[in-house]
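Input: a single structure, listed below in structure tokens.
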Amino acid sequence: MRTALITGASRGIGKTIAKTLASAGFNIVFSYNNNKESALELEKELNNGVIKCVAVKCDISKEDEVQNLVDIALKNFQKIDVLVNNAGISIDTLFYDKTVENFKRTLEVNLIGTFLVSKYVGKTMCENKYGKIINITSTNGINTYFPMCLDYDASKAGIISLTHNLAIQFAPHVNVNAIAPGFIATESEISGMDEEFIKSEEEKIFLKRAGKEEEVANLVEFLASDKSSYINSEVIRIDGGMYGNY
């Protein structure tokens, strides 16, 4: 049985990814930082006697906590076959209200955190001569821009560059790819948005609707499987098609 490590899976897309991969037969290790109650509920839900799930508290921007996360995963399952770098934060403020501290924190979690987890997991994958790393970036890192989240956008663009570099570093045994979701209707995404704004965003999409968490998770499942064995160093948009991107 294969094992997947997912960062930031106590809620939202990460939680749905964990459920999807568990349904596909993966043992699950996932990290959380603040949502302990939700994390423990998911851990209990996924432990069904066949699938084993372990939740680990981890701030992925801290190297010692990342090392502990990976050590716990290996202690429980001996190997990590799939890594999904999903954890991320967004501190959205008006441009002139942005602070250096907030900008640094966004980069520390989203970009440096992705680097750290990939570094320690990728090493074990190379030793095992097998692995899939899937980085969750965003269309905000490509050509969807909002100055109020420029620090988030910069971090997601950095993840795209990191993806290509890691694909070279961990070749030939590890596939490293990125998924760039567009407007996905997660609770955190649409919280505080008025209906008029949501409608205006959906009008930019060829399919005229926001994406679903399950649709992102299904793409993760595909990239985590051997059906994607010749896909490497790619950034795959999942945005329903968006005007202005072509």
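What follows draws every value from the coordinates through simple rules; no lab data is involved. Computed from a predicted structure; not experimentally measured. Counting neighbours? That spans all protein chains shown, and the Cβs are built from the backbone with ideal geometry, glycine included.
Go ahead and set up a Gaussian network model of the chain, Cα springs under 10 Å, then flag whichever of S38, S200, S161 fluctuates most. Comparing S38, S200, S161 in a Gaussian network model of the chain, the most mobile one is S200.
With an 8 Å cut-off on Cα pairs and a minimum separation of 6 or more residues, tell me the relative contact order of the chain in percent. It rounds to 19 percent for the chain.
Per DSSP H run of at least 4 residues, take -39500 (n - 2.57); add these up for the chain, divide by its residues and hand me the 222 nm value, nearest 500 deg cm²/dmol.
-13500 deg cm²/dmol
I want to verify a result. In a Gaussian network model of the chain, Cα cutoff 10 Å, which of these has the top mean-square fluctuation: T137, T99, T20? Among T137, T99, T20, the largest mean-square fluctuation in the Gaussian network model of the chain belongs to T99. When the chain is treated as a GNM, springs tying every alpha-carbon pair under 10 Å, which of D153, D59, D194 comes out with the largest mean-square fluctuation? Among D153, D59, D194, the largest mean-square fluctuation in the Gaussian network model of the chain belongs to D194. Legend: distances between Cα atoms for K44/K119; K36/K156; K98/K156; K52/K227; K19/K119; K19/K44; pairs beyond 22 Å are K44/K119; K36/K156; K52/K227; K19/K119. Listed peptides 219-231, 101-113 appear in the order 101-113, 219-231 once ranked by packing, highest mean of other Cβ atoms within 10 Å at the front.
When peptides 76-82, 129-135, 4-10 are ranked by their average number of other Cβ atoms within 10 Å per residue, the highest-first order is 4-10, 129-135, 76-82. Taking the alpha-carbon centroid of each part, what is the distance from the stretch 130-207 to the stretch 41-82 in angstrom? After rounding, the separation between the Cα centres reads 24 Å. In this simple spin-label model, placing a label point 7 Å from the Cα along the Cα-to-Cβ direction at both L150 and K123 gives a separation of 3.7 nm.
Here's the picture: a label point sits 7 Å out from the Cα of S200 along the beta-carbon direction, and within the stretch 80-117 the residues with their amide nitrogen under 19 Å of it are 92-96.
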